[in-house]
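Here is the structure we will look at.
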């Protein structure tokens, strides 16, 4: 006789899925509040701009995630943030290269402070987005090959 181990309860799996969905909104809401506090303190040059960008970006991302979920999209962040085919990759690479260069110009314009760090962060994140998109497209192409 073959014995199989106990399978996870469907209710338990549904609970963790539900909790994981709402935890992302909790984190994005927390980032929006932190951004508002940084913007309102305005202790150093560039704090207001960085705080407002963090707050507005977190709110926009939360609305986009909710829309994606209500439209029947998958739960993973990979399918939400990354492209799947070469045609879209050809658009993403120049777009994020320009965004990364804009980050370097922002970092150069402010020699120190929050905007300098934000510009460098924008450059690093843009580079990571480009490389993750390239990896995803080529991984998906390899799955289609025999």
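The values are calculated or read from the model by the stated rules, or taken from the named source; none is laboratory data. None of the values given here were measured: they were computed from a predicted structure. Note that each Cβ is placed from the backbone with ideal geometry, even for glycine, and that neighbours are counted across all protein chains shown.
Tell me, yes or no, whether region 129-140 has at least one residue that is out of contact with any helix residue (DSSP H, G or I) (no Cβ under 9 Å at 6 or more places or on another chain) and touching a residue at least 24 places away in the same chain (Cβ under 8 Å). Checking region 129-140: at least one residue is out of contact with any helix residue (DSSP H, G or I) (no Cβ under 9 Å at 6 or more places or on another chain) and touching a residue at least 24 places away in the same chain (Cβ under 8 Å). The residue list 100, 35 contains one member that is touching a helix residue (DSSP H, G or I) at 6+ places or on another chain (Cβ under 7 Å), outside the structural domain of residue 132 (by TED's automatic domain parsing) and surrounded by 15 or more Cβ atoms within 10 Å (Cβ to Cβ), which is 35. Pairing each residue of region 44-70 that is free of Cβ contacts under 8 Å to residues at least 12 places away in the same chain with any residue that is in a loop (DSSP other than H, G, I, E, B), provided the two are 6+ apart or on different chains, yields C-beta distances under 8 Å for 48/42.
Number of residues in region 42-65 that are surrounded by 14 or more Cβ atoms within 10 Å (Cβ to Cβ) and assigned to a helix (DSSP H, G or I) equals 16. For region 71-88, filtered to residues that are free of Cβ contacts under 8 Å to residues at least 24 places away in the same chain and not in a helix (DSSP H, G or I), the residue that is surrounded by the most Cβ atoms within 10 Å (Cβ to Cβ) is 73.
The requirement of being over 17 Å from the mean Cα position of the chain (by Cα), over 30 Å from residue 138 (Cβ atoms) and modelled with pLDDT of 85 or more is fulfilled nowhere in region 70-81; no residue meets it. When the criteria are applied in full, residue 120 meets the requirement of being modelled with pLDDT of 90 or more and surrounded by fewer than 17 Cβ atoms within 10 Å (Cβ to Cβ). Do we find that residue 91 is surrounded by 10 or more Cβ atoms within 10 Å (Cβ to Cβ), assigned by TED's automatic domain parsing to the domain that holds residue 110, at pLDDT 80 or above and part of a helix (DSSP H, G or I) in this structure? Spelling it out, residue 91 is indeed surrounded by 10 or more Cβ atoms within 10 Å (Cβ to Cβ), assigned by TED's automatic domain parsing to the domain that holds residue 110, at pLDDT 80 or above and part of a helix (DSSP H, G or I).
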